[in-house]
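Notes follow once the structure below has been shown.
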Amino acid sequence: MNITFTNRALEKVAEKYDQNSSLFLKLKYDTDGCGCVVSGVTSLWIVADKEFDDDVVSTNGGDILVEKTKQVFMDDNMTIDYSDAAGTFMLKSPSQILNPRMSIIDQSAKAR
């Protein structure tokens, strides 16, 4: 899996996440409230700990966690961009837009 951040996305991530901290950035395929596992929504989470099924993926913006079991719902090559007009991140691949309005959510406080 190859994930690339645009420069604008890297700027916006840096406003909420310090990659030099002890926290992790995770590309989460969230199925809570979606009805079933194939109806998930991707988002960026800031988490305190890695989970047992997290893969570490190297990106141009540092390492990011991605759940092994959820990678089937993602493409091999993806870009995380930021839309100033929408005020949200966007996850896209060469063939599709996976999430045009992706949030960044700080989940790290829940673990403490």
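The values are calculated or read from the model by the stated rules, or taken from the named source; none is laboratory data. Remember, it's a predicted structure, so these values are computed and weren't measured experimentally. Cβ sites come from the backbone with ideal geometry, for glycine too, and all protein chains shown count toward neighbours. In case anyone asks, the SASA skips ligands and DNA or RNA and just uses the protein heavy atoms, side chains included. Shrake-Rupley method; radii C 1.70, N 1.55, O 1.52, S 1.80 Å.
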The range 1-20 residues that are in contact (Cβ under 8 Å) with a residue 24 or more places away in the chain and more than 13 Å from residue 88 (Cβ to Cβ), paired with ones that are in a loop (DSSP other than H, G, I, E, B) and not aliphatic (A, V, I, L, M) (beta carbon under 7 Å, 6 or more apart): 1/76; 2/76; 5/61; 10/61
Just checking, does the range 73-86 include any residue being of a type in the set (S, T, N, Q) and assigned to a loop (DSSP other than H, G, I, E, B)? no
The lone exception for residue 59 - which of (1) under 12 Å from the mean Cα position of the chain (by Cα); (2) under 15 Å from residue 29 (Cα atoms); (3) of a type in the set (Val, Ile, Thr) it fails: (2)
For the range 73-112, enumerate the residues that are polar (S, T, N, Q) and open to solvent by 40 Å² or more (accessible area, probe 1.4 Å). 77, 79, 95, 96, 103
Scanning the range 39-72 for residues that are among the hydrophobic types (A, V, I, L, M, F, W, C) and not in a strand (DSSP E or B), the one least open to solvent (accessible area, probe 1.4 Å) turns out to be 48
